[in-house]
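The structure appears right after this line, and notes come after that.
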Amino acid sequence: MTRRRLAPLSTAVLLAAALSACGGGGGSSSVSEDCEPAHADLSTVTDGTLLVSTYVSPPYTELDRAGGELGGVDGEIIRALAEKECLEVKASPVTGAAFTEGVSTGRSDVVIGGVYATPERAEEFTLSSAMYRDGMAFLSEDGVSSIDDLEGKKLGVIQGYLWTEDLQDTLGTDSVVIFQDADSMIADLGVGRIDAATLTTAEAGYRAGQVDGLQAVEVEPDDRVAASTAPSDVVLLMAKDTKLAEAFDADIEELLADGTIAGILEDNGIDGGLAGSVD
């Protein structure tokens, strides 16, 4: 099979993504008094505010932790949705291992950060309509592309990611090193503690553009790891049976129809043709 290398994001795109996290119009922007929401009588944890649990994972999400300003693909989309519903955005960072905790305990309204739709998540939470599609990639110095290439080597994964358990079952738990975040995983890759890292295709391309000598390559399909066999839908994750979820579904469809989401993807160095669902 031909390996599909993922082009690193350009320096201009990387700079724009970083600046989007601390520019105007983000999480701390106020809502005008005469704002009319697209859907009336929506309930949020804090009235008039959208509390966003944010797994910080460029280019999906960038977060200025001092000011709470959101950037990146998911950050820009959630800001557009909040604007439609006259909600002020307040974001807080979460780890991969605990990214659903805020919604589960009623302390946040929505989770963002490259969240993939899965049947297991849909049983426990409400998943929004698909915003866009994404896949699975390896990041390494020698361009690893297949799971078989990693036999006897150390592979880094992030706890809570869709493919983590399948990779442990396939390669063995001793060969799969679990990290809490991408930064620490990339640091270990750089000093040779692991031979490759597993990320989504968009983030792998982003990271390859940051670190000289790293190659991002889409993972060859392997039935042992379900996530490698087809792209996945990237969604918002919310509590079960909320009017907010219904409203956001309608808003997402509008943002897809008018090209807003495609434009956000392109602004962050991702193909706008990936907007919408896998189906």
If the Cβ limit is 6 Å and pairs must be 6+ apart or interchain, which residue in the range 202-213 that is under 20 Å from residue 231 (Cα atoms) pairs with which residue that is loosely packed, with under 14 Cβ neighbours inside 10 Å and polar (S, T, N, Q)? none
Scan the range 225-267 for residues that are farther than 20 Å from residue 99 by Cβ, within 18 Å of the chain's Cα centre (by Cα) and either aromatic (Phe, Trp, Tyr) or in a loop (DSSP other than H, G, I, E, B) (or both) and report the count. 2
Among the numbered criteria (1) buried (at least 19 other Cβ atoms within 10 Å of the Cβ); (2) in the same structural domain as residue 243 (by TED's automatic domain parsing), which one does residue 123 miss? (1)
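Would you tally the residues in the range 257-278 being touching a residue at least 40 places away in the same chain (Cβ under 8 Å) and out of contact with any Lys or Arg (no Cβ under 6 Å at 6 or more places or on another chain)?
11
Are any residues in the range 32-62 of a type in the set (D, E, K, R) and over 25 Å from the mean Cα position of the chain (by Cα), and if so, which ones?
Quick first cut of the range 32-62, residues of a type in the set (D, E, K, R) only: 33-34, 36, 41, 47, 62.
Once the filter is applied, which keeps residues that are of a type in the set (D, E, K, R) and over 25 Å from the mean Cα position of the chain (by Cα), the range 32-62 yields 33, 34, 36, 41, 47.
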If you take the residues of the range 178-228 that are surrounded by 20 or more Cβ atoms within 10 Å (Cβ to Cβ) and polar (S, T, N, Q), which of them is farthest from residue 162 (Cα to Cα)? 215
So, in the range 101-124, how many residues would count as being farther than 18 Å from residue 279 by Cβ, modelled with pLDDT under 95 and assigned to a strand (DSSP E or B)? 2
Just wondering, is there one or more residues in the range 158-175 that are of a type in the set (Phe, Trp, Tyr), assigned to a helix (DSSP H, G or I) and under 24 Å from residue 278 (Cα atoms)? no
Do any residues in the range 125-153 that are modelled with pLDDT of 95 or more have Cβ atoms under 7 Å from those of residues that are among the basic types (Lys, Arg) and surrounded by 21 or more Cβ atoms within 10 Å (Cβ to Cβ), where the two are at least six apart or on different chains, and which pairs are they? 139/207
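To keep it simple, each residue is scored yes or no on (1) of a type in the set (Lys, Arg); (2) in the same structural domain as residue 204 (by TED's automatic domain parsing); (3) in a strand (DSSP E or B); (4) modelled with pLDDT under 95.
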| residue | (1), (2), (3), (4) |
| --- | --- |
| 30 | no, no, no, yes |
| 63 | no, no, yes, yes |
| 81 | no, no, no, no |
| 93 | no, no, yes, yes |
Counting only residues that are at pLDDT below 95 and within 22 Å of residue 232 (Cβ to Cβ), how many does the range 166-185 have? 3
Given (1) crowded, with 19+ Cβ neighbours inside 10 Å; (2) at pLDDT 90 or above, identify the lone condition not met by residue 40. (1)
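The values are calculated or read from the model by the stated rules, or taken from the named source; none is laboratory data. Just so it is clear, the model here is predicted, and its values are computed rather than measured. Because the Cβ atoms are built from the backbone with ideal geometry, glycine has one as well, and the counts that use them run over all protein chains shown.
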